[in-house]
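Report on the structure given below.
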Amino acid sequence: MTADPTADAPQRGLSRIKDVVRAYVALTKPRIIEQLLVTTIPAMLLAQRGIPSPWLVLWTMVGGTLAAGSAGALNCVVDADIDAVMKRTSARPLVRHQVPVRNALVFGVVLGVLSCGFLWLTSNWVAAVLCVGAILFYVFVYTMWLKRRTSQNIVWGGIAGCMPVVIGWSAVTGDVGWPAFVLFGVIFFWTPPHSWALAMKFRDDYERAGVPMLPVVLPARQVSFRIVLYSWAMVLCGLLLVPATSWIYAVAAVVLGAWFLTAVHRLHNVYRGGEEGKPMKVFHLSNSYLCAVFVMVAVDSAVGLPITGWF
């Protein structure tokens, strides 16, 4: 008795559908979306100085996810040639031809349009406009212009990654207050140390792809020195938020800042001594630092103790 060759057809079809869905999800760069959401929610709690409407938080997260997914997908389209020669990105869907380029482009544009419309309907026009601006800046200014032309690419290109805190704040208040700009500054100064530490590890990848990341154009000692400078700026910027928070955040900002600064100074001292450093340790610590700082912003806001209000 021979096996029916069509018996497994439904299972194979279901497997193909799952592969396609996974490929489209991968285009959105889910890990980056997670980071953006981690910074958006605390900004909303700070704007409310308490817990805002759960529905507003949910709708803002959905809109932010669509926007970040749009930016990620469009970035994959523009950077397909770079991704193909870098080991770190060689498994992305367009490199492996899991998704046609045209489909990925349409997918990214549709997500962007949906994110704008959704935020406009569920929060306000300020959040929607800021969302569109973030997508356009990331795609046209960073990806298509800065990334391939200057070693300062991630410094200014990182502005797009700072926008979720401003969007989250505006979703609650309808405008942008000074604490939102402080949170913006924290992420702005955090981005270079975070990105340069990763680029130090994958320096050969970026050089092979022709991307002038700072570790490609400068010796490790000079890169680590700049990591120290931006880390100090990040920590000091975070302290500017103390007048809008209570002692809970103030203590956490000082402790977390000292912890991270110790790590980056150690890395710089290693390179200054002519030895081989471990930049990925700083990379992972930078993620932990940012997450911890924003968690403390959320906790401080949810607890609702009197703010220090120094000015």
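The values are calculated or read from the model by the stated rules, or taken from the named source; none is laboratory data. Remember, predicted model here, so these are calculated numbers, not experimental data. Methodologically, a virtual Cβ is constructed for each residue, glycine included, from the backbone with ideal geometry; neighbour enumeration extends over all protein chains shown. Calculation scope for accessible area: heavy atoms of the full protein, side chains included, ligands and nucleic acids excluded. Shrake-Rupley method; radii C 1.70, N 1.55, O 1.52, S 1.80 Å.
Here are the numbers:
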| read-out | value |
| --- | --- |
| The one condition in (1) open to solvent by 50 Å² or more (accessible area, probe 1.4 Å); (2) touching a Lys or Arg at 6+ places or on another chain (Cβ under 8 Å) that Arg102 fails to fulfil | (2) |
| Residue selected from the range 227-248 under the condition polar (S, T, N, Q) and outside any helix (DSSP H, G or I), by the criterion nearest to Val155 (Cα to Cα) | Thr245 |
| Yes/no for Leu114 being under 15 Å from Thr65 (Cβ atoms) and either at pLDDT below 95 or surrounded by fewer than 21 Cβ atoms within 10 Å (Cβ to Cβ) (or both) | yes |
| When residues of the range 172-193 are limited to those that are within 19 Å of the chain's Cα centre (by Cα) and of a type in the set (Gly, Ala, Ser), the one surrounded by the most Cβ atoms within 10 Å (Cβ to Cβ) | Ala180 |
| Extreme residue, farthest from Val85 (Cα to Cα), among residues of the range 194-218 that are without any contact (Cβ under 8 Å) to a residue 40 or more places away in the chain and surrounded by fewer than 20 Cβ atoms within 10 Å (Cβ to Cβ) | Arg203 |
| Cys162 vs. criteria out of contact with any Phe, Trp or Tyr (no Cβ under 7 Å at 6 or more places or on another chain) and more than 25 Å from Ala91 (Cα to Cα) | no |
| Residue that is over 30 Å from Ala302 (Cα atoms), modelled with pLDDT under 90 and buried (at least 16 other Cβ atoms within 10 Å of the Cβ), where the choices are Thr2, Thr6, Thr89 | Thr89 |
| Residues being surrounded by fewer than 17 Cβ atoms within 10 Å (Cβ to Cβ) and farther than 24 Å from Val182 by Cβ - total across the range 277-311 | 4 |
| Subset of the range 249-276 (residues that are outside any helix (DSSP H, G or I) and open to solvent by less than 20 Å² (accessible area, probe 1.4 Å)) | none |
